[in-house]
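Q: Sharing a structure, written as structure tokens. Questions coming.
What follows is calculated from the coordinates using simple rules that are stated; it is not laboratory data. Since this is a predicted model, take the numbers as computed values, not measurements. Positions of Cβ are generated from backbone atoms using ideal geometry, with glycine treated the same way; all protein chains shown enter the neighbour counts.
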Amino acid sequence: MKDDFLKYQAQTSPHPLFMEVSHAKGSYIYDVDGKAHLDFVAGVSACTLGHCHPKVMNAIKEQTEKYMHVMVYGEFAQSPAVEFSKLIAKQLPESLNCTYLVNSGTEAVEGSLKLVKRITGRTQLIAANNAYHGNTQGSMSVMGNENRKQAFRPLLPDIDFIEFNNEDDLLKITEKTAGVLLETIQGSAGFVPPQNDYLKKVKQRCEEVGALLILDEIQPGFGRTGTLFGFQQFNVVPDILAIGKGMGGGMPVGAFIASYEHMQKLTNAPKLGHITTFGGHPVIAAASLATLKEVLESNLMAEALRKEALFRELLQHPLIESVRGKGLMLAIMVKNADVANHVILKCFNKGLILFWLMFEPKAVRITPPLTISDEEIKEGCNYILEALNSFN
């Protein structure tokens, strides 16, 4: 199968990790040789409840027995999508009360960018250096890394960039700006959190000039940082919230959320201002609803903060400069890229799955399922320390 994988399936890089998967359960992925791999990545923050969580699996099974795809988004009322949208609205500030369900995080960003243009009648968009919001052409346009997008230009015009946490750059947000798009915690840049009420100050500047703030919660979302969404810790309410990854419990999904009044702008003048065939798919929505209920009804969010403390206690080594992030969205910052590569590959061979961050070569990603146990954390951290000790 590995030969066919390379021959018939398009690749994203010349060097895939190349594990042939047999099955996955809880915090482990098993290869076809029967080897268990402890998963400290969770499908890049997507498998909030681990692999094949019974409540998610039951929700999928029950929904497939009722109906699957029946109509393009927005024409038929389907209970999983409606129930999910209603429940998430109850967890959010009053101004974030209307959800548009799509198929992925990058689609959530695309819809958000269209919406701020439609609301304001302006065209300028502002994003952050080293930002990552997806890889479709609109999302790539607001990616803050020219090396990654140069080959695909021309992209969207009228895009400007600011430095995350640099308050002097806020003056770049003007009466020409339709929207400012920021990650609540910068992911690919190295899990960089906002400092000194930065997000609150961005929102204040947006209000001064009539621009709108979009917060990308695609990685921090659904309990990973100790609250349902990261922005809830930073004294700010966005005008639009983009979500994805962990909301589906391992299924492909995304959404953007705004006020009902704002979202109506996509309904008229023109009609069908944003459309999708499979957005709000009933099986995906059922999995998302089951995931959201479990996060809300369990102690997983509080446990994420306690488990963060355990990681920080265990990950002490001369080659570790710091541990960045919040909750179970963590990045080990090591001395250089050689150390990071050694740790990730050495641990993979031992049976621990770690991963890189796109724009920070010295970082090692740790984003395990929220359901990971203390014993599994200790086991994985021992592998990491052994790998660090073996670095020459």
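Q: In degrees from 0 to 90, rounded to the nearest 10, what is the angle of the helix 337-350 Cα long axis to the longest principal axis of the chain?
A: 70 degrees
Q: May I pose another question? Sort HIS23, HIS274, HIS281 so that the residue with the fewest other Cβ atoms within 10 Å of its own Cβ comes first and the one with the most comes last.
A: HIS23, HIS274, HIS281
Q: So, one more: For helix 300-314, what angle does its Cα long axis make with the longest principal axis of the chain, in degrees from 0 to 90 and rounded to 10?
A: 40 degrees
Q: Between helix 54-64 and the chain, what is the angle of the helix's C-alpha long axis to the longest principal axis, kept within 0 to 90° and rounded to the nearest 10?
A: Computed tilt is about 50 degrees.
Q: Between LYS114 and LYS66, what is the label-point separation in nm under the 7 Å Cα-to-beta-carbon projection?
A: Modelled inter-label distance: 2.7 nm.
Q: Which of the lysines could a cross-linker span from LYS362 if the Cα-Cα distance has to be under 17 Å and same-chain partners fewer than 8 positions apart are dropped?
A: Hits, sequence-local ones excluded: LYS335, LYS346.
Q: Using just the alpha carbons, could you tell me how many Å³ per residue the convex hull of segment 56-297 encloses?
A: Values: hull volume 29.5 nm³, N = 242.
Spelled out: Cα convex hull of segment 56-297, divided by residues, is 122 Å³.
Q: Something else: Which loop GluC sites (Glu not before Pro) in segment 131-169, with loop taken from DSSP, have no more than 13 other Cβ atoms within 10 angstrom of their Cβ? If you can, show how the numbers build up before the last one.
A: Values: sites: GLU146, GLU163, GLU167; in loops: GLU163.
Sparse-neighbourhood loop GluC sites (Glu not before Pro): GLU163.
Q: Can you give the convex hull volume of the alpha carbon atoms of segment 13-170 per residue, in Å³?
A: 204 Å³
Q: How big is the charge dipole of segment 56-297 about its Cα centre, in debye rounded to the nearest 20, if each Lys and Arg gets +1 on its Cβ and each Asp and Glu gets -1 on its Cβ? Intermediate results must be reported in sequence, preceding the final value.
A: Numbers: 22 positive and 25 negative charges, 88 e Å.
Magnitude of the dipole: close to 420 debye.
Q: Order by neighbour count: LEU385, LEU125, fewest other Cβ atoms within 10 Å first, most last. Spell out each step's value before the answer.
A: Values: LEU385 17, LEU125 24.
If I rank by nearby Cβ atoms, fewest first, I get LEU385, LEU125.
Q: Hey, another quick one. What do you get when you divide the Cα radius of gyration of segment 59-99 by 2.2 N^0.38 Å, with N the number of residues?
A: With N residues counted in segment 59-99, Rg over 2.2 N^0.38 Å equals 1.37.
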